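Heads up: the structure comes next, in structure tokens.
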Amino acid sequence: MNSIGTFRPFRVVVPNRVDIAGGTLDIYPLYLLIRDAMTVNAAVAVRSEVAVGPFRRGAARLSSGDFGIAVTAADTHGFSLGGKMGLLSRALRHFPAVSGVEIRVRNEAPIGSGIGASSALLVALMLAAGRLTRTSCRRDETAMAAMEIEAAHLKSLTGRQDHLAALRGGLQGIRFSPGRVDARRLPPGGPAGTMLRDHAFLAHTGIAHHSSDVNWRMIRGAIDGDGMVLRKFRGIAAAARDAWEAVCAADPRGTGAAIAAEWAIRRTLVPGVSTAGVEELFSDRRFRRLVNGAKLCGAGGGGMLFGLLKDPEDREAVEPLLSGTGMSVLPFRLSGGPRFEDTRDGGG
């Protein structure tokens with residue numbers, strides 16, 4: 001164990017993501033079973049944040065603004081692997097143990113939002129720990145380590161897109177093949193980003209989802225070789241490829257059509273992917289008239305709803321429809337990648 005000594009407090013801020021199409025296909029080994037598997041996502045300005053500052057000598061402290069709890073140990077390897085901060089504790093053991101440091105974490109997204117907040121927070125913590133211990137890794141190494149740390153903690157299969165979005169920002173088309181991830185990135189300020197800025201909307205359903213359970217039920221049939229499930233995932237992969245082509249062309253109509261096609265398949269994969277409120281909203285003629293396509297983020301079952309307007313001027317007409325089903329509308333803003341900021345006290 002090393003005492004970290006004197007250092008300048010800092011903060012790491014990373015984006016969360018919305019999956020435009022092809023979610024779940026980023027989970028090993030599913031992307032090896034589906035030819036040309038692809039996931040398309042966009043990093044959004046809903047943030048996960050880790051602040052690092054000095055603490056008393058011979059001790060370390062980890063606190064969560066989301067859960068309102070804090071724990072103290074002799075060093076950063078001393079935090080329990082159980083409980084609500086077990087994932088973060090496990091991640092800290094990936095780095096050398098240090099003391100004399102306080103680490104404060106928080107997410108802007110509500111728990112169970114479906115936009116990868118817990119994975120993004122994990123990435124932010126790993127970036128902060130790498131800087132603190134001077135053991136930073138390459139981006140692809142960080143993404144792989146984050147995925148495996150999360151899988152070990154959850155004792156479940158986990159995906160890769162959340163970590164990549166947090167580390168890269170912007171819009172991404174991610175293709176998977178044995179031993180390699182090909183992640184193409186479009187900048188948030190380019191034509192594709194401008195199209196999404198004008199047409200996209202985001203709303204929280206008010207229902208927290210539990211991705212590991214829903215995802216496992218989705219992919220179990222594929223691993224078992226169920227022909228119907230495999231056909232559905234091939235359809236989702238095709239919709240993701242269409243979405244990426246349309247995003248690259250800054251085509252809102254094509255992107256919306258791909259989102260709608262993806263959701264039409266995804267909602268049939270297993271019971272519980274959709275919700276009563278979402279089904280009610282999607283059956284509303286006014287909503288269908290104004291929206292090109294929409295879907296629940298992540299595994300579904302609640303969390304965030306993402307979609308594209310046919311006409312940006314219809315935003316004021318769509319938002320009351322979302323609110324009318326109990327959803328909370330959030331501003332949709334794209335984001336770049338991670339930011340490191342010096343702070344006065346580690347909390348900023």
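The values are calculated or read from the model by the stated rules, or taken from the named source; none is laboratory data. Remember, predicted model here, so these are calculated numbers, not experimental data. Note that we place each Cβ from the backbone using ideal geometry, even for glycine, and neighbour counts take in every protein chain shown. Heavy atoms of the whole protein, side chains included, go into the accessibility calculation; ligands, DNA and RNA do not. Shrake-Rupley method; radii C 1.70, N 1.55, O 1.52, S 1.80 Å.
Does the range 185-198 contain at least one residue that is in contact with a Ser or Thr (Cβ under 7 Å, 6 or more places away or on another chain) and of a type outside the set (D, E)? Yes, the range 185-198 contains at least one residue that is in contact with a Ser or Thr (Cβ under 7 Å, 6 or more places away or on another chain) and of a type outside the set (D, E). D182 meets each of the listed conditions (1) modelled with pLDDT of 95 or more; (2) within 30 Å of T142 (Cα to Cα); (3) surrounded by fewer than 22 Cβ atoms within 10 Å (Cβ to Cβ); (4) of a type in the set (D, E, K, R) apart from (1). The listed residues are K232, K295, and the only one of them that is among the charged types (D, E, K, R) and more than 25 Å from L334 (Cα to Cα) turns out to be K232. Go through the range 220-246 and report how many residues are within 19 Å of the chain's Cα centre (by Cα) and within 17 Å of L32 (Cβ to Cβ). Here the count works out to 3. Only one of the listed residues (V101, V44) is more than 21 Å from R8 (Cα to Cα), in contact with a Pro (Cβ under 7 Å, 6 or more places away or on another chain) and crowded, with 18+ Cβ neighbours inside 10 Å. That residue is V44. The set of residues in the range 295-322 being in contact (Cβ under 8 Å) with a residue 60 or more places away in the chain and of a type in the set (G, A, S) consists of G298, A299, G300, G301, G302, G303, G307. The set of residues in the range 93-138 that are assigned to a loop (DSSP other than H, G, I, E, B), touching a residue at least 40 places away in the same chain (Cβ under 8 Å) and among the hydroxyl-bearing types (S, T, Y) comprises S113, T135.
Close contacts from the range 147-159, counting a first residue that is farther than 17 Å from H94 by Cβ and a second that is among the polar types (S, T, N, Q), with Cβ to Cβ under 6 Å and a gap of 6+ residues or different chains, come to S156/S212.
Select the helices (runs of 4 or more DSSP H) contained entirely in the range 168-252, then report the ones holding at least 3 residues which are farther than 29 Å from A124 by Cβ and not charged (D, E, K, R).
Helices (runs of 4 or more DSSP H) meeting the threshold: 211-223, 227-248.
All of F7, F79 fail the test of being crowded, with 20+ Cβ neighbours inside 10 Å and either in a loop (DSSP other than H, G, I, E, B) or free of Cβ contacts under 8 Å to residues at least 12 places away in the same chain (or both), apart from F79. Which residues, taken from the range 145-167, are closer than 15 Å to I115 by Cα and either among the polar types (S, T, N, Q) or surrounded by fewer than 22 Cβ atoms within 10 Å (Cβ to Cβ) (or both)? Answer for the range 145-167, where residues must be closer than 15 Å to I115 by Cα and either among the polar types (S, T, N, Q) or surrounded by fewer than 22 Cβ atoms within 10 Å (Cβ to Cβ) (or both): T158, Q161.
Any residue that is within 23 Å of A145 (Cβ to Cβ), at pLDDT 95 or above, surrounded by fewer than 20 Cβ atoms within 10 Å (Cβ to Cβ) and polar (S, T, N, Q) - is there at least one of those in the range 52-68?
Filtering the range 52-68 for residues within 23 Å of A145 (Cβ to Cβ) gives 52, 60, 62, 64, 66.
Narrowing further to those that are at pLDDT 95 or above: 52, 60, 62, 64.
Now drop any that are not surrounded by fewer than 20 Cβ atoms within 10 Å (Cβ to Cβ), which leaves 64.
Remaining after also requiring polar (S, T, N, Q): 64.
Yes; the residues of the range 52-68 include at least one that is within 23 Å of A145 (Cβ to Cβ), at pLDDT 95 or above, surrounded by fewer than 20 Cβ atoms within 10 Å (Cβ to Cβ) and polar (S, T, N, Q).
Annotation: E280 fulfils all but one of (1) touching a residue at least 40 places away in the same chain (Cβ under 8 Å); (2) under 23 Å from A117 (Cβ atoms); the unmet one is (2).
Set side by side, the residues L290, L269, L321 differ, and just one is crowded, with 16+ Cβ neighbours inside 10 Å, in contact with a strand residue (DSSP E or B) (Cβ under 8 Å, 6 or more places away or on another chain), more than 24 Å from A183 (Cα to Cα) and among the hydrophobic types (A, V, I, L, M, F, W, C), which is L290. Within this structure, S335 fails the test of being open to solvent by 30 Å² or more (accessible area, probe 1.4 Å) and more than 30 Å from R220 (Cα to Cα).
Can you find a residue in the range 211-230 that is open to solvent by 50 Å² or more (accessible area, probe 1.4 Å), closer than 20 Å to R175 by Cα and β-branched (V, I, T)? Taking every residue of the range 211-230 in turn, at least one turns out to be open to solvent by 50 Å² or more (accessible area, probe 1.4 Å), closer than 20 Å to R175 by Cα and β-branched (V, I, T).
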